[in-house]
Amino acid sequence: MSSNPSVQVPSSPIPSIQELGFDPQELRRKYDDEREKRLRTDANQQYQEVSGDLERYNVDPYIESTIERDPLVEDIEVAIIGGGFGGLLISARLQEIGVTDFRIIEKAGDFGGTWYWNRYPGAQCDIESYVYLPLLEEVGYIPKEKYSFGPEIFEHAKRVGEFFDLYPRACFQTQVRDLRWDDDAQRWLVRTDRDDVFRAKFVVMSSGPLNRPKLPGIPGLKDFKGHTFHTSRWDYDYTGGDGTGNLDKLSDKRVAIIGTGATSIQSAPHVGKAAKQLYVFQRTPSSIDERGNRPTDPEWAKSLQPGWQHERNHNFACILAGEPTEEDLVNDGWTDLFKSLSKLLASAGDSDVSMEELGMLAEIGDFQKMNKTRARVDATVEDSNTAEALKPWYRPWCKRPTFNDEFLPTFNRPNVELIDTEGKGVERITDKGVVVGGVEYEVDCIIFATGFEVGTAYTRQAEFEVFGRDGTSLTEYWDKGMRTYHGFYSHGFPNCFHMGLTQTGFAPNFTYMLDNQAQHIAGVIEDVNARELQSIEATAEAEAEWVETVNAPDMMTDYLSNCTPGYYNGEGQAGGSDGFLQGHYSDGAVKFYRLLREWRSKGDMDGLITK
Ligand code: NDP
């Protein structure tokens with residue numbers, strides 16, 4: 001079959017250019033050209049680590065007073081590293097099986113993880129609150145709006161902590177230094193920067209996949225004499241205001257925001273409203289769909305029956321994983337992304353549609369979706385050059401889709417200017433400002449909305465080392481990429497569970513993944529204890545097989561390899577496993593968690609060495 005949809009064979013399900021109203025071949029060329037502009041050989045190396053004299057970008061600005069306490073030396077059953085939703089969920093699920101002897105070790109000053117750190121103005125979760133905020137039925141809370149803002153989510157994390165009585169078990173402002181497996185004692189030794197020593201039977205690592213801020217390797221970054229900070233460490237002392245905006249101290253300031261990802265999309269409108277002058281420096285535009293937030297209908301909330309959250313969550317996950325469902329309970333931009341594809345495939349009828357044709361239909365669905373996104377830019381942004389520069393030219397899953405109604409109109413303000421770098425990135429930073437195309441934009445403050453480390457060593461992101469059974473470090477063991485069985489256990493690292501994005505089934509709703517993982521880990525721990533086992537550990541064979549499974553090329557490999565660079569595809573390193581969307585179970589999250597449930601119900605701990 002011809003790759004040009006305009007060349008029709010009589011029974012082709014591919015619509016013609018006339019029927020489509022656009023030429024797919026032309027769009028493909030445009031996407032390739034835009035990708036070409038952005039490809040670079042240094043991939044993740046282009047970024048700088050926030051350490052040494054850049055460590056200040058990593059310091060917690062939210063701590064009001066330092067917790068004073070003596071070092072703890074304790075024997076415990078489980079050490080949980082991380083007090084975000086992963087740590088909270090595993091704590092809740094452990095309590096359900098009667099395990100209460102655990103500690104939660106958290107670098108921040110409270111629970112919340114991502115929502116503790118990301119307090120920038122306008123922070124909001126793009127996933128519907130009724131499915132994103134975990135344990136709603138357990139704690140008896142209904143979110144105020146369809147899409148919750150950061151402060152409400154942070155409050156909810158604290159509510160979960162209170163409800164499950166987790167505060168007495170938490171060690172805040174405490175950074176794990178290292179973990180060492182003592183094979184004779186069959187225990188982990190967990191040491192912290194507070195000189196604590198926990199001897200734990202199990203360790204659950206949930207330090208988060210987007211936790212370590214990163215900075216671009218822009219020449220001169222250290223020369224800037226004005227004020228700077230990263231969005232995940234927002235400096236309200238400097239800007240004034242709070243998470244809802246009102247950044248009153250910026251009224252006489254010229255501000256630069258570098259980056260136009262999900263964080264910038266949400267925070268720039270607040271800076272634009274408050275600052276004397278805002279320059280937004282863009283390398284690649286985000287795709288921005290409608291937000292359409294609305295308050296929770298109290299009648300709807302009253303009508304909810306027990307089990308509603310699980311049902312809604314499962315329904316959402318099924319639609320996003322392409323599983324058959326009869327209804328769409330969430331019905332928003334995310335489900336629309338998938339439903340339009342399903343509709344298109346269905347419109348192909350039940351004729352004999354080849355795999356190649358299915359791929360083309362999917363691509364056409366993506367073109368149509370992105371055409372709408374680009375039309376929205378034209379309809380919103382008054383200046384035509386700015387509008388043109390803000391249009392994304394790639395398929396929807398190349399970069400994290402965003403949903404927002406304020407970012408685009410911000411460029412209609414007289415004090416806001418988009419500085420498009422045509423895919424090249426900021427050229428240089430001087431002591432006074434930011435340089436693009438040889439022009440220096442003088443500013444008082446630079447805000448880095450440049451995201452988080454992805455694809456660097458797990459232990460570098462976690463900021464601690466793990467030494468396994470024979471003293472091998474996890475950094476060494478994962479030198480050539482993660483090695484796990486089912487995403488949880490690694491050979492040589494007994495009783496150590498990973499949570500997050502470690503070779504598991506990916507779902508855009510993070511808490512869906514985390515809760516399924518927490519339930520699985522709690523189930524395995526219950527089983528280990530019921531059998532009076534000392535330890536479990538992945539066999540080398542099971543681990544190797546799993547690594548092969550998750551790294552096998554699939555539909556997504558091809559998709560991502562044609563994408564513009566970003567953290568989803570290891571900054572353009574196609575075929576690797578370093579990207580956020582690479583190296584996961586290719587049949588999707590719903591099937592993955594089903595596989596885990598089936599594995600548990602078989603009850604033979606297949607793939608594990610038991611002692
Ligand atoms: P991202 O990594 O998504 O964005 C970083 C931005 O910095 C990109 O626009 C990138 O451009 C730009 N950049 C990097 N280097 C340079 C350079 N040298 N010059 C100019 N620009 C540069 O980080 P975010 O903090 O925006 O988001 C991280 C993730 O956190 C999101 O993708 C999402 O998963 C999550 N999140 C979710 C939210 C939600 O639910 N609403 C809100 C915020 C974040 P380029 O694209 O070219 O690399």
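Going by neighbour counts of Cβ atoms within 10 Å, the residues Ser586, Ser561, Ser206, Ser65 line up, fewest first, as Ser65, Ser561, Ser586, Ser206. Ignoring the sites themselves, the chain has its longest run without GluC sites (Glu not before Pro) in a DSSP loop having at most 12 other Cβ atoms within 10 Å at 69-325. The mean sequence distance of close C-alpha pairs (under 8 Å, at least 6 residues apart), as a share of the length of the chain, puts its relative contact order at 19 percent. Here's the list of lysines a cross-link from Lys432 could span, going by alpha-carbon distance under 27 Å and ignoring same-chain residues fewer than 8 apart: Lys214, Lys222, Lys225, Lys249, Lys253, Lys273, Lys276, Lys424. Counting neighbouring beta carbons within 10 Å and listing from fewest to most, the residues Met499, Met555 come out as Met555, Met499. If you model the stretch 455-569 as an ellipsoid using its alpha carbon gyration tensor, with each semi-axis the square root of five times an eigenvalue, the axes come out at 26, 18, 14 Å, biggest first.
Of the residues Gly83, Gln266, Gly603, the one whose Cα sits farthest towards the positive end of the charge dipole of the chain is Gln266 (charges of +1 on Lys and Arg Cβ, -1 on Asp and Glu Cβ, taken about the Cα centre). Relative contact order, whole percent, for the stretch 175-226 stands at 22, derived from Cα pairs under 8 Å and 6 or more residues apart.
Residue exposure proxy: Ile17, Ile67, Ile429, ordered by other Cβ atoms within 10 angstrom of their Cβ from fewest to most, comes out as Ile67, Ile17, Ile429. Measuring nothing but how far apart in sequence close Cα pairs (under 8 Å, 6+ apart) lie, relative to its length, the stretch 360-402 scores a relative contact order of 44 percent. Dipole orientation for the chain: of the candidates Ser490, Thr472, Val439, Val439 has the Cα lying most toward the positive pole (charges on Cβ; Lys, Arg +1; Asp, Glu -1).
Computed from the coordinates by the stated procedures, all read-outs in this text should not be read as laboratory data. Predicted model, so just to flag it, every value in this text is computed and none were measured. Cβ coordinates were reconstructed from backbone atoms using ideal geometry, including for glycine residues, and neighbour counts include every protein chain displayed.
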